[in-house]
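The values are calculated or read from the model by the stated rules, or taken from the named source; none is laboratory data. In this text the structure is predicted, and so the values were computed from the model without any measurement. Methodologically, a virtual Cβ is constructed for each residue, glycine included, from the backbone with ideal geometry; neighbour enumeration extends over all protein chains shown.
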Amino acid sequence: MTPPIYTLTGNLLAERTLEYGDWAVGRTQRALRESFNARGKGVNVSNMLRRLGTASTALIFAGGPAGAECEAWLRERGLTYTAFPTLGSSRTGTVIWSDRQPETTFLGPDVPPDAAAVQACADYLSARPDGGVLVLCGSFPGWADPVFGSLRAAIQNWARRGELWADVYGPPLQWVCEQPATLVKINRQEFDGLFTTDRQVLSVPQRLQELRQVGKVQQWIVSDGPDSLWMLDRDAPPRELVPPRIREVSPTGSGDVLLAAILHAVLGLRLPLGEAVTFALPYAAANAAHPGVADFELPPRFALHG
């Protein structure tokens, strides 16, 4: 039986996509099409898990009209979620698609949740039964502030009574590395940032071995877009895997699709981590070959169910 899975998005995004045949700076242009999506790494992960047939609950901080629009989007798609209301309006963003220009994204400023929202999230996590899986996703504006103390404590406690997975960056990543997390999945740039300049000259497998020796996290996944992925599975040596070759349309969200497929394979299909990553790579590649996030057509040979 798959344990309860909770994805926690620290920086919800109300994303509007405008499609043009062509556009240029300094001109007024009329879009051909417009669409709306709720984004944020945890939302993306939960959305992909749903498509794979694995249940999860998306935890979000939502505020203002942008937050309400995101909640409506989640309800329309049948995604299970819990929102912690915050006074500030949720972050907004605009994605520009064009036949002749590269994909361009404009993001609004980060919006830290207020103290009441952070406390509500901490209380919610503390009230969950033991044995669940919590997945920390993306950035967490305000993470290092005292107001986040109760949430950090609740997550620390979760790591002792359940599984803690993370795909985060910035201050939360440094913090997670000091916790007994089950698995950390990050990209190559974030991985390099964990090391001083003089240590960055070492190979990825050398540095993974180093992290295992000095830290508490024993399972790592380091992705690098279309290039080799490296993984570390407890006592096994670092392992290199090569993603399928595709014509990239948009890499946005492919890391989230990768993480969702790994969660599905490990927790739902009960595959060992190495087999789970092998299972997940074609999904991430299919997402990168498609303009959206987690809404590509699932090829029949990938359509495995738990």
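From 100, 77, 91, grab the single residue that is of a type in the set (Lys, Arg) and touching a Gly at 6+ places or on another chain (Cβ under 6 Å).
The conditions single out 91.
Test residue 258 against the criterion of being buried (at least 20 other Cβ atoms within 10 Å of the Cβ), among the aliphatic types (A, V, I, L, M), modelled with pLDDT of 95 or more and within 17 Å of residue 185 (Cβ to Cβ), and give yes or no. The answer is yes for residue 258.
Evaluation of residue 157 against the conditions (1) at pLDDT 95 or above; (2) touching a Gly at 6+ places or on another chain (Cβ under 9 Å) shows that the sole unmet condition is (2).
Report yes if some residue within segment 47-55 is in contact with a strand residue (DSSP E or B) (Cβ under 6 Å, 6 or more places away or on another chain) and either surrounded by fewer than 16 Cβ atoms within 10 Å (Cβ to Cβ) or not β-branched (Val, Ile, Thr) (or both); otherwise report no.
Kept after step one, since they are in contact with a strand residue (DSSP E or B) (Cβ under 6 Å, 6 or more places away or on another chain), are these residues of segment 47-55: none.
Within segment 47-55, not a single residue is in contact with a strand residue (DSSP E or B) (Cβ under 6 Å, 6 or more places away or on another chain) and either surrounded by fewer than 16 Cβ atoms within 10 Å (Cβ to Cβ) or not β-branched (Val, Ile, Thr) (or both).
Of all residues in segment 43-71, those satisfying the criterion of being within 19 Å of residue 117 (Cβ to Cβ) and either out of contact with any Ser or Thr (no Cβ under 9 Å at 6 or more places or on another chain) or of a type in the set (A, V, I, L, M) (or both) are 43, 58, 59, 60, 62, 66, 68, 71.
Yes/no matrix, rows are residues, columns are (1) modelled with pLDDT under 95; (2) surrounded by fewer than 13 Cβ atoms within 10 Å (Cβ to Cβ); (3) touching a strand residue (DSSP E or B) at 6+ places or on another chain (Cβ under 8 Å):
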position: 103; (1), (2), (3): yes, no, yes
position: 115; (1), (2), (3): no, no, no
position: 128; (1), (2), (3): no, no, yes
position: 167; (1), (2), (3): no, no, yes
position: 184; (1), (2), (3): no, no, yes
position: 192; (1), (2), (3): no, no, no
position: 205; (1), (2), (3): no, no, yes
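Take the residues of segment 130-165 that are free of Cβ contacts under 8 Å to residues at least 40 places away in the same chain and either touching a Cys at 6+ places or on another chain (Cβ under 8 Å) or outside any helix (DSSP H, G or I) (or both): which is farthest from residue 267 (Cα to Cα)? By that ranking, first place goes to 145. Taking the condition over 21 Å from residue 43 (Cα atoms), of a type in the set (Lys, Arg) and either at pLDDT 95 or above or surrounded by 14 or more Cβ atoms within 10 Å (Cβ to Cβ) (or both), does residue 152 pass? No: the conditions fail for residue 152. Contact map, segment 85-108: first residue among the aliphatic types (A, V, I, L, M), second residue part of a strand (DSSP E or B), Cβ cut-off under 6 Å, separation 6 or more or different chains; pairs are 95/17; 95/105; 96/18; 96/104; 107/93. A count restricted to segment 92-128 and to residues that are closer than 19 Å to residue 60 by Cβ, touching a Lys or Arg at 6+ places or on another chain (Cβ under 8 Å) and not aliphatic (A, V, I, L, M) stands at 5. Picking from residues in segment 3-43 that are among the aromatic types (Phe, Trp, Tyr) and at pLDDT 95 or above, the one that is farthest from residue 86 (Cα to Cα) is 36. Checking every residue in segment 72-82 against the condition of being over 18 Å from residue 42 (Cα atoms) and in contact with an Asp or Glu (Cβ under 8 Å, 6 or more places away or on another chain) gives zero matches.
Here segment 9-30 is the region considered, the condition is being hydrophobic (A, V, I, L, M, F, W, C) and surrounded by 16 or more Cβ atoms within 10 Å (Cβ to Cβ), and the residue that is farthest from residue 57 (Cα to Cα) is 23. Residue 111 satisfies every condition listed in (1) at pLDDT 95 or above; (2) closer than 22 Å to residue 43 by Cβ; (3) assigned to a loop (DSSP other than H, G, I, E, B); (4) aliphatic (A, V, I, L, M) except (1).
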